[in-house]
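One structure below.
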Amino acid sequence: MTKQTFLDLGWQPIANGFIPKEGQEDEFSFNLQVAFDDETCLVTQQEYVAPEKMFHKDYAYRGSMSLTMVDHFQKTAKLLSESLPPSPRVLEIGSNDGVFLNNWDTDNTYAVEPCFNFAEETNALGYRTYSRFWNNDLSKDILAEHGSMDLVFAANCMCHIPDLQETFQAVANVLEDEGLFVFEDPSLARMINLNSYDQIYDEHAHIFSVIALKNELERVGLSLIRVDNLSVHGGSNRIWAAKTTSEWAKYVHISVEENITYEKLLGLDNIAVFDKFSSRVAQSKQDLLDVLYRCKENDQKVISYGATSKSTTVFNYCGIDDNLISYITDTTPEKQGKLAPGSHIPVVAPKDNSIADDVNYVFLGAWNFVDEISKKEKAFIDRGGKFITHVPLVRFV
Ligand code: TMP
C-alpha cells in the first residue's frame, strides 16, 4: 500500500466528543490528513484514530434522530427482505440505537455495537447485541453461537474500520454460502462532486469509491453484485456483495459497471482529481469565512443547525468558534448542554422546536437534511431568515 497525502484538514478533535460546559483539560486532537492508495484506489486517512477513542459508552450520535433516516431504514429492510429466504438470519454490524434493527423480528436478528450505551438499549429490546468491535474473533464466536447469516448488513460502519481486509474476511466467515452482504457508506464520487470535504472526520477512516471496494472485496473472495446510489447522508452508495462462489455472483447487476465507468470518467482511479479537490476545499474555507465575517460586521446573528460530525470538520478546519456562530441547535439529548468538539461552540436544544426569533442566518451543519429542515422551519423562512451552506459552494439558500 502506497498512500499519498492530498489533503490536510489540520488539527481535529473527536467528531462526536462533545465536552461538558465546564470544559475538559485534555481534549484529544490529531492531524487529519487524507491520502490516496494507488494500489487499491482507496481514499483513506494517513493515520487512524484508535477506535476505542471514538466508540464507547458515551457515544453521542443517534441514527434515529431524523425522520428521513427512520424512513430510509424501513424501506431498506423491506427491499432486502425481498431477496432473502423466509425468517432470515440477520446480523447488523454497527447497530447504533437500533434504527435498522427495529424493522426485523428479534428471534433471528443479531447485532454488533461497540458503544455500550446503545448495545444496552437494543439488548433490552430483545436483539442479541454484542458490545464488541467487529473482527475475525467476534465473527467466529457469532458463527459458533448462531450459525451462518442470510444477511450481514452495515450502515455507516464499514468506512469506520481501518483494517478492511480483516473486516471483510470476518463478514465472509459468518455469511451463508448464498447469503448477502449489504452495506451503505458515503460515496466518494458524491463527495468530490459536492465538494463536501466535511464527510471526512475521525470516524470516516475511508471514503469509498466503488472501484476501491471492488478491489478490497475481491481480495477475500467476495464479489460486488449491485450498487444503489442513495441520497442519504449527503450521497451514499448501498453496496451488495456475495461470495464469489455463490449463484448471486453469476448475475452481476448492470449498476456495478455503470458506477465504475462513471467513477473512471470522474478520475477516481488517479490522484490528480484529488489534488484539484484539495484546492477547492481551501477556496471553500476562504469563502465561508468571508460570509461569516460579513455577517458579524453587520451585526447579524448566525447559529448552526445540527451538531454534526461534518460540522466538527468544517469549524475546526476553518477556525470557526462562538465569535462567528453563537450556538448550535441539536435534537439529540446526548449533545445538548455540551460544547462542540474543538470549536467549543455551545450546543442547545432547539427552543420551542424552532429557530429563535433573533436569529438572522442559520448555517446548515446538517445540510444533508435540508428538505426535512426546510419543512420544519417554515416560520423562519417565511420571516425572511436565510440558511447558509458550503455545499457544493458557499452560498445563502
Ligand atoms: P448526521 O448528518 O451525521 O446524521 O447528523 C445530523 C444531526 O443533526 C443529528 O445530531 C441530529 C441533528 N438534527 C437536528 O438537530 N434537527 C433536525 O431536524 C435534523 C434532521 C437533525
(message) Just to confirm the number: angle between the C-alpha axis of helix 136-146 and the first principal axis of the chain, 0 to 90 degrees, nearest 10?
(response) 60
(request) Give the residue from THR40, PHE100, THR313 lying farthest towards the positive end of the charge dipole for the chain; charges sit on Cβ (+1 for Lys and Arg, -1 for Asp and Glu) and the dipole is referred to the Cα centre. (result) THR313
(request) For segment 44-128, would you read off the P(r) tail past 16 Å as a percentage of all alpha carbon pairs? (result) 57
(request) Compute the distance in nm between two label points, each set 7 Å from the Cα along the Cα-to-Cβ direction, one at ASP352 and one at LEU125. (result) 3.3
(request) Give me the percent of DSSP beta bridges within the chain that run antiparallel, rounded to the nearest 5. (result) 55
(request) Considering only lysines 8 or more places apart in sequence, or on different chains, count the pairs in segment 176-289 whose C-alpha atoms sit under 25 Å apart. (result) 7
(message) For a test of the definition: using alpha carbon positions, the gyration tensor, and the 1.5 limit on a/c, classify segment 297-349 as rounded, prolate or oblate.
(response) oblate
(message) Which of ILE192, ILE381, ILE303 ends up with the largest GNM mean-square fluctuation for the chain, with Cα atoms connected below 10 Å?
(response) ILE381
(request) Using amide H atoms built 1.01 Å from N in the peptide plane, name the residues 5+ places from LEU180, or on other chains, whose amide H lies under 5 Å from its own. (result) LEU151, VAL152
(message) Only Cα pairs within less than 10 Å get springs; with that Gaussian network setup on the chain, which residue of GLU27, GLU145, GLU247 has the largest fluctuation?
(response) GLU145
(request) Before anything else, pin down the relative contact order of segment 138-244: Cα pairs under 8 Å, at least 6 apart, normalised by residue count, whole percent. (result) 29
(request) Return one quarter of the surface area of the convex hull spanned by the alpha-carbon atoms of segment 111-265, equal to its mean projected area, in nm². (result) 9.4
(message) Could you identify which residue out of LYS338, LYS53, LYS310 has the top mean-square fluctuation in a GNM of the chain using Cα springs shorter than 10 Å?
(response) LYS53
(message) Under the √(5λ) rule applied to the eigenvalues of the Cα gyration tensor, what semi-axes describe the equivalent ellipsoid of segment 1-160? Give them in Å, descending.
(response) 31, 21, 16
(message) Report the Cα-based extents of segment 259-397 along its three principal axes, largest first, to the nearest Å.
(response) 48, 31, 31
(message) I'd like the orientation of helix 309-318 relative to the chain: the angle between its Cα long axis and the longest Cα principal axis, in ° from 0 to 90, rounded to 10.
(response) 50
(message) At 1.306 mPa s and 10 °C, plugging the Kirkwood radius over alpha-carbon pairs of segment 1-42 into Stokes-Einstein gives what diffusion coefficient in µm²/s?
(response) 127
(request) Once you have a ≥ b ≥ c as the square roots of the Cα gyration tensor eigenvalues for segment 349-397, tell me rounded if a/c is under 1.5, and otherwise prolate or oblate according to whether a/b is larger than b/c. (result) prolate
(message) How would the chain be classified by its alpha-carbon gyration tensor: rounded, prolate or oblate, with rounded meaning a/c under 1.5 and the a/b versus b/c comparison settling the rest?
(response) prolate
(message) For a quick check: with amide H placed at 1.01 Å from N, whose amide H comes under 5 Å from LYS338's, ignoring anything fewer than 5 positions away on the same chain?
(response) VAL347
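Just so you know, all these numbers are worked out from the coordinates, no wet-lab data involved. It should be emphasised that the depicted structure is a prediction, and the values quoted were computed from it without experimental measurement. Cβ atoms come from the backbone with ideal geometry, glycine included; neighbour counts cover every protein chain shown.
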